[in-house]
Amino acid sequence: KAFELYDTFGFPLDLTSLIGRENGFSLNEAEFNSEMDKQKSRSKQDAIKETGDWTVLTADSNVEFVGYEELETTSKILRYRSLKQKGKDLYQVVLDITPFYAESGGQVGDTGWLIEGESKIEVTNTQKENDVVVHYLMSLPKVVSNSFELKVDAEKRQATELNHTATHLMHYALREVLGTHVEQRGSLVNANYLRFDFSHFQKMSN
């Protein structure tokens with residue numbers, strides 16, 4: 001339980017121990033450390049990625065991003081490769097035109113679908129690799145040289161954009177209330193919530 005409080009909610013171990021002692025409980029630090037070691041091992045395994053070589057269909061490496069104006073477009077695959085991550089077989093593809101926003105500035109990458117007739121392949125993530133937008137697919141299309149319809153998950157994109165805007169509003173409000181010394185030190189923005197890290201020289205009042 002102490003490890004769950006620490007790992008999931010960021011609750012400090014020493015505070016859990018203190019509150020426990022005040023209520024007649026003792027903390028098993030050996031068991032806590034054992035759970036910590038297991039988690040570190042899981043994290044290392046999750047971080048391992050095995051990628052195959054790129055299969056190049058078109059030598060052109062220029063990728064046009066149209067995601068600020070459009071959430072749907074027609075595109076072709078420039079190159080693709082296999083990927084094994086967290087024990088799952090995935091594929092990475094580079095497309096000549098994309099409406100998918102790649103993870104950047106704390107905002108997570110878009111998800112959505114690559115559509116081929118009646119077939120819909122899920123795009124699970126979008127990231128940048130050497131300034132090239134890379135899309136993560138659950139599977140490859142049957143004919144990789146075809147043209148495909150791309151569709152961003154619009155509801156998720158909008159929710160993410162709203163949270164991104166909220167980080168700027170929060171930054172402004174913090175500078176107004178606490179002072180102009182407040183600077184952003186990091187953030188995470190996705191469809192469900194935002195996290196905004198900032199610097200300040202003392203504990204905030206209620």
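Our compactness index for the chain, the C-alpha radius of gyration over the empirical 2.2 N^0.38 Å, is 1.33. Looking at the chain as a GNM with Cα springs under 10 Å, which of Val189, Val143, Val177 has the largest mean-square fluctuation? Result: Val177 has the largest fluctuation of those listed.
At 0.36 nm per residue, and after removing the present C-alpha to C-alpha distance, how many nm does the segment from Glu176 to Lys1 gain when stretched out fully?
The span from Glu176 to Lys1 would gain 59.1 nm if fully extended.
Once backbone amide H atoms are built at 1.01 Å from N, Ser187 has Asp197 as its partners under 5 Å, excluding neighbours fewer than 5 places away on the same chain. For Ser61 and Ser139, the FRET efficiency from 1/(1 + (r/R0)^6), where r spans their Cβ atoms and R0 equals 25 Å, is about 0.55. Between Phe100, Phe11, Phe196, the GNM of the chain built on Cα springs shorter than 10 angstrom shows Phe11 fluctuating the most.
For Asp197 and Asn130, the FRET efficiency from 1/(1 + (r/R0)^6), where r spans their Cβ atoms and R0 equals 22 Å, is about 0.20.
Each residue of the range 176-185 is assigned a 3J(HN,Hα), and the resulting list reads 5, 8, 8, x, 6, 6, 5, 10, 5, 10 Hz, derived from the Karplus form 6.51 cos²θ - 1.76 cosθ + 1.60 (θ = phi - 60°), x at Gly and Pro.
Run the helix sum for the chain: -39,500 (n - 2.57) per DSSP H stretch of 4+ residues, divided by residue count, reported at 222 nm to the nearest 500 deg cm²/dmol.
-9500 deg cm²/dmol
Whole-Hz Karplus values for the range 8-15 come out as 8, 10, x, 7, x, 4, 5, 6 Hz, taken residue by residue from phi with 6.51 cos²θ - 1.76 cosθ + 1.60 and θ = phi - 60°; glycine and proline positions read x. Beta bridges from DSSP with both residues in the chain: antiparallel share about 95 percent, rounded to the nearest 5.
For Gly109, nonlocal amide neighbours, meaning residues 5 or more places apart or on other chains whose placed amide H falls under 5 Å from its own, are Glu103, Thr126. Of the residues Lys84, Lys76, Lys142, the one that moves most in a GNM of the chain with alpha-carbon contacts below 10 Å is Lys142.
Read the figures in this text as sums done on the coordinates, not as results from a lab. Remember, predicted model here, so these are calculated numbers, not experimental data. Here Cβ is always computed from backbone atoms with ideal geometry, including for glycine, and neighbour counts include all displayed protein chains.
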